[in-house]
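Peer 1: Provided herewith is a single structure, encoded as structure tokens, for subsequent inquiry.
The values are calculated or read from the model by the stated rules, or taken from the named source; none is laboratory data. All of these numbers come straight from a predicted model, not from anything done at the bench. Neighbour counts run over all protein chains shown; Cβ positions are idealised from the backbone, glycine included. Just so you know, the surface numbers come from the protein's heavy atoms only, side chains and all, with ligands and any DNA or RNA stripped out. Shrake-Rupley method; radii C 1.70, N 1.55, O 1.52, S 1.80 Å.
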Amino acid sequence: MKIQEGCTNFCSYCIIPFTRGPVRSRKLASVKSEAEKFLSMGFKEIVFTGIHLGAYGRDFHDGTTLADAARTVLELDGLQRLRLGSLESIELSEELLTMVRENPKFSHHLHLPLQAGSDYVLKRMNRHYNREEFRKLIENVKNAIPGVAISTDIIVGFPGETEEMFAESLDYIRSLGFSRVHVFPYSPREGTPAASMPDQIPDNIKKERVHRLQQVAEEMTRAFHEQYLGTKQKVLWETRTKGVTDGVTDTYIRVDAKADVIPGEITEVKLERLYEDGVWGISE
């Protein structure tokens with residue numbers, strides 16, 4: 001459910017602030033009414049999305065925040081799970097962290113884009129934090145919400161990224177223990193500052209670096225999944241194909257199972273073993 005539009009961060013690689021304009025937020029009453037409509041149709045989970053989701057409410061100038069939108073929906077009858085879409089790390093408030101930890105309807109999964117693991121590259125990207133600040137934030141989140149899943153985005157081959165910087169990024173990313181990493185090769189967007197920067201990286205080097213980071217990402221995802229093997233988790237079932245139903249836990253682990261369930265239901269299964277890009281589950 002999209003509750004916010006526009007962005008004013010002006011990351012040097014992104015055209016969105018020029019094409020989508022400033023932050024515009026959906027009124028709380030509208031958020032509530034649309035959520036009620038979805039719940040009346042039988043949906044169990046709502047996912048908040050936005051171009052700059054963490055800036056929700058900023059344009060109201062009355063103190064309204066993303067936490068208020070979350071609270072509005074969490075109070076509705078019928079909701080079983082609320083998940084947040086991509087969220088800028090520096091906009092993750094203590095109030096929101098407390099809600100994720102204490103409200104059983106709030107998914108224990110946060111997607112916090114890092115984009116690069118080199119301070120030099122982060123500065124050129126015009127990201128508003130450095131490596132140490134991001135590490136402290138991740139540590140704070142993990143301390144506040146034990147077992148939380150934190151996924152991220154990384155752009156590989158940004159202009160000026162040397163082999164040494166990339167190697168530094170690999171080590172840094174690995175040390176943060178993400179549950180999942182989405183890897184993207186840098187792609188110039190006409191009209192953005194990064195498109196005209198010197199030291200553009202050749203495509204063959206970007207492709208090779210993407211492959212190396214994807215290997216690290218797969219290792220981290222496997223390690224995250226392994227810690228849940230043998231445990232019972234609630235799964236929101238999504239699709240059924242040839243007798244196998246798949247869905248996701250509140251920590252966004254993909255689960256497949258030969259379970260007698262209906263897509264849209266949430267039931268508990270035991271996570272037995274690693275399977276494809278997720279885990280195989282058994283109903284008990």
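Peer 1: Which one of these is hydrophobic (A, V, I, L, M, F, W, C) and surrounded by fewer than 15 Cβ atoms within 10 Å (Cβ to Cβ): 176, 229?
Peer 2: 229 is the lone residue from the list that is hydrophobic (A, V, I, L, M, F, W, C) and surrounded by fewer than 15 Cβ atoms within 10 Å (Cβ to Cβ).
Peer 1: For residue 83, work out the one condition from (1) under 30 Å from residue 161 (Cβ atoms); (2) buried (at least 18 other Cβ atoms within 10 Å of the Cβ) it doesn't fulfil.
Peer 2: Only one criterion is unmet by residue 83, namely (1).
Peer 1: Turning to a different aspect of this structure: Being at pLDDT 90 or above and either acidic (Asp, Glu) or under 20 Å from residue 81 (Cα atoms) (or both) is the filter here; which residues of segment 240-263 pass it?
Peer 2: Residues satisfying the conditions are 245, 246, 247, 248, 249, 250, 251, 252, 253, 254, 255, 256.
Peer 1: Quick one: count up the residues across segment 24-71 that are among the small types (Gly, Ala, Ser), in a helix (DSSP H, G or I) and buried (at least 16 other Cβ atoms within 10 Å of the Cβ).
Peer 2: Of the residues in that region, 6 qualify.
Peer 1: Which numbered condition in (1) open to solvent by less than 60 Å² (accessible area, probe 1.4 Å); (2) within 20 Å of the chain's Cα centre (by Cα); (3) under 22 Å from residue 7 (Cα atoms); (4) in contact (Cβ under 8 Å) with a residue 24 or more places away in the chain is the only one that residue 210 fails?
Peer 2: If we test residue 210 against (1) open to solvent by less than 60 Å² (accessible area, probe 1.4 Å); (2) within 20 Å of the chain's Cα centre (by Cα); (3) under 22 Å from residue 7 (Cα atoms); (4) in contact (Cβ under 8 Å) with a residue 24 or more places away in the chain, just (3) comes out false.
Peer 1: A follow-up question, please. Going residue by residue through segment 260-281, is there one that turns out to be hydrophobic (A, V, I, L, M, F, W, C) and within 18 Å of residue 152 (Cβ to Cβ)?
Peer 2: no
Peer 1: Let me ask you something else. Pull up segment 186-207, narrow it to residues that are charged (D, E, K, R) and open to solvent by 70 Å² or more (accessible area, probe 1.4 Å), then point me to the one that is nearest to residue 273 (Cα to Cα).
Peer 2: Filtering first and then ranking leaves 207.
Peer 1: Report whether or not residue 164 is out of contact with any strand residue (DSSP E or B) (no Cβ under 9 Å at 6 or more places or on another chain), of a type in the set (Asp, Glu), open to solvent by 20 Å² or more (accessible area, probe 1.4 Å) and farther than 28 Å from residue 204 by Cβ.
Peer 2: No, not satisfied.
Peer 1: Still on this structure: Pairs needed: first member in segment 82-105, within 16 Å of residue 45 (Cα to Cα); second member anywhere, of a type in the set (Gly, Ala, Ser) and crowded, with 17+ Cβ neighbours inside 10 Å; C-beta distance under 7 Å; at least 6 residues apart or different chains.
Peer 2: Cβ pairs passing all conditions: 82/70; 82/107; 83/107; 85/50.
Peer 1: Ok, one more. Check whether at least one residue in segment 190-204 is modelled with pLDDT of 95 or more, over 23 Å from the mean Cα position of the chain (by Cα), in a helix (DSSP H, G or I) and farther than 19 Å from residue 121 by Cα, and report yes or no.
Peer 2: Within segment 190-204 (the criterion being modelled with pLDDT of 95 or more, over 23 Å from the mean Cα position of the chain (by Cα), in a helix (DSSP H, G or I) and farther than 19 Å from residue 121 by Cα), the answer is yes, since at least one residue qualifies.
Peer 1: Which condition does residue 224 not pass, out of (1) touching a residue at least 60 places away in the same chain (Cβ under 8 Å); (2) outside any helix (DSSP H, G or I), if it passes all the others?
Peer 2: Only one criterion in (1) touching a residue at least 60 places away in the same chain (Cβ under 8 Å); (2) outside any helix (DSSP H, G or I) is unmet by residue 224, namely (2).
Peer 1: Is it fair to say residue 187 is polar (S, T, N, Q) and in a helix (DSSP H, G or I)?
Peer 2: Against the criterion (polar (S, T, N, Q) and in a helix (DSSP H, G or I)), residue 187 does not qualify.
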